[in-house]
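Asker: Pasting a structure below so you can have a look.
The values are calculated or read from the model by the stated rules, or taken from the named source; none is laboratory data. Everything numeric here is computed off the predicted structure, so don't read it as measured data. Neighbour counts run over all protein chains shown; Cβ positions are idealised from the backbone, glycine included.
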């Protein structure tokens with residue numbers, strides 16, 4: 001029997017084993033390249049008023065025009 005939660009022998013829970021890696025399709029990669037052309041990602045501190053979330057992921061920045 002495989003153990004998923006290893007707590008009785010001092011191990012931490014193994015939730016990361018249940019996650020799957022997501023990868024974008026070629027079509028979505030092309031759409032992203034077109035959408036972000038001429039722009040660069042700028043890292044911005046995630047204060048409460050400028051925080052952006054999507055699908056449970058918090059983004060700490062935005063795309064701005066390249067200078």
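Asker: Test residue 10 against the stated conditions and say whether it is on the phi > 0 side of the Ramachandran plot, at pLDDT below 90 and part of a loop (DSSP other than H, G, I, E, B). Break it down stepwise before answering.
Answerer: On the way: on the phi > 0 side of the Ramachandran plot: yes; at pLDDT below 90: yes; part of a loop (DSSP other than H, G, I, E, B): yes.
So residue 10 fits the description; yes.
Asker: If you don't mind, there's one more thing I want to ask. State the number of residues belonging to segment 53-67 that are assigned to a strand (DSSP E or B) and surrounded by 10 or more Cβ atoms within 10 Å (Cβ to Cβ).
Answerer: Going through segment 53-67, the residues assigned to a strand (DSSP E or B) turn out to be 53-54, 57-59, 61-65.
Imposing the further condition that a residue be surrounded by 10 or more Cβ atoms within 10 Å (Cβ to Cβ) reduces the set to 59, 61-64.
Within segment 53-67, residues that are assigned to a strand (DSSP E or B) and surrounded by 10 or more Cβ atoms within 10 Å (Cβ to Cβ) number 5.
Asker: For a quick check of your reading of the model, give me the residue pairs whose first member lies in segment 39-50 and is without any contact (Cβ under 8 Å) to a residue 24 or more places away in the chain, whose second is loosely packed, with under 11 Cβ neighbours inside 10 Å and not in a loop (DSSP other than H, G, I, E, B), with beta-carbon atoms closer than 7 Å and at least 6 apart or on different chains.
Answerer: From segment 39-50, the pairs are 46/58.
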